[in-house]
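**Student:** Pasting a structure below so you can have a look.
The values are calculated or read from the model by the stated rules, or taken from the named source; none is laboratory data. Nothing here was measured: the structure is a model prediction, and the numbers come from that model. Backbone-built Cβ (ideal geometry, glycine too); neighbour counts: all protein chains shown.
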Amino acid sequence: MNNKNLFEHHVSEFIKELQGKNSSTYTITAYTTDIHQFLTCVKNNNLAVQAPTDITKQDVTDFLSFLSQQGRSGVTRARKLAAIKEFFQFLMNNRVITKSPCETVSMPKRERKQRNYLRPDEYGTLLSCAGSHPRDFAILQLFLQTGIRVGELVQLKLTDIDLKEGVLKISSGKGKKQREIDLEKKAINALKNYLSTRQETGSNHLFLSYQGSGMSDRAVKKLVEKYKKQAGITKQFSCHSLRHTFASYKAEHGVSAFQLQQWLGHASVTTSQIYVHMTRNQNSQKVMQETSL
């Protein structure tokens, strides 16, 4: 087995283990991409590397430096390093190597993410632009009414919605943890309208591409970007910003961090508390501005 096939074999076995642990499709795809990128970089820059045992700490730090020079954020670099660490831990567990080359490599500092969200007039215009397209309108409404992630949205099946009871079931993360979100009237009506026009197909996916198969993450992201431009919104925002919009709106209307955690599927309530604190700070600023007039 040549060195290329050797690396591919180990990556393939690592992916099988992730699948065996019931890791999410998103995690498996991200880890596979990150590890392949790392190994390609190493082999292009260090001809001495013929096997995993030849990879050193310097190879890992050189890769992180390369990503930094490319302008990749600390969050992205930290995610890629986490994938690499998992891979080498797998190799250690299977006695392919005796020590991980990234054992003492520190995680890159993560920048604090700016949470972009839309004002009511902005998301109102966004929805208006999609008004004549039942599928696209329902997708935007579902983002805004439930705070669902794009990866969760494209995995939705017809059996995950109960329009009579007004409930949406979402499966995500390790072990396919399931949570339920009550659907508000706007989302229910949008889904009913879409389903009345949904093409007949063998796919059980809720949202279909024009070819009749389930939509991809990329297709949904392009859809959101299209309506962003049509709405004339110049600020930076994405599918995830619509999730922030939902969470910010709910926090502003008194929803607790614990309820937000259940709806958003956060592993820790600390993440959900950010929206509550952010809303309080914004309200305090408004009061200060009003009293200073």
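**Student:** Could you please tell me which pairs satisfy a Cβ distance under 6 Å, a separation of 6+ or placement on different chains, a first residue in the stretch 205-216 that is on the phi > 0 side of the Ramachandran plot, and a second residue that is among the hydroxyl-bearing types (Ser, Thr, Tyr)?
**Tutor:** Gly212/Thr201
**Student:** Follow-up question, since we're still on this one. Mind checking which pairs have a first residue in the stretch 102-117 that is in the same structural domain as Phe246 (by TED's automatic domain parsing) and closer than 25 Å to Ile35 by Cα and a second that is modelled with pLDDT of 65 or more and in a loop (DSSP other than H, G, I, E, B), Cβ under 8 Å, 6 or more apart or different chains?
**Tutor:** Final answer for the pair search is none.
**Student:** Sticking with this structure for a sec: Determine whether the stretch 178-194 contains at least one residue that is in contact with a strand residue (DSSP E or B) (Cβ under 8 Å, 6 or more places away or on another chain), in contact (Cβ under 8 Å) with a residue 40 or more places away in the chain and surrounded by fewer than 13 Cβ atoms within 10 Å (Cβ to Cβ).
**Tutor:** Checking the stretch 178-194: not a single residue is in contact with a strand residue (DSSP E or B) (Cβ under 8 Å, 6 or more places away or on another chain), in contact (Cβ under 8 Å) with a residue 40 or more places away in the chain and surrounded by fewer than 13 Cβ atoms within 10 Å (Cβ to Cβ).
**Student:** Can you tell me which residue among Ile181, Ile188 is more than 18 Å from the chain's Cα centre (by Cα), part of a strand (DSSP E or B) and in the same structural domain as Leu242 (by TED's automatic domain parsing)?
**Tutor:** The match here is Ile181.
**Student:** Read through the list (1) farther than 28 Å from Thr29 by Cβ; (2) among the small types (Gly, Ala, Ser); (3) in contact with a helix residue (DSSP H, G or I) (Cβ under 6 Å, 6 or more places away or on another chain), then give the number of the only condition that Ser128 fails.
**Tutor:** Going through the list (1) farther than 28 Å from Thr29 by Cβ; (2) among the small types (Gly, Ala, Ser); (3) in contact with a helix residue (DSSP H, G or I) (Cβ under 6 Å, 6 or more places away or on another chain), Ser128 breaks only (3).
**Student:** Another question about this same structure. Give me a count of the residues in the stretch 20-50 that are within 28 Å of Arg72 (Cα to Cα) and under 28 Å from the mean Cα position of the chain (by Cα).
**Tutor:** Final tally of qualifying residues: 20.
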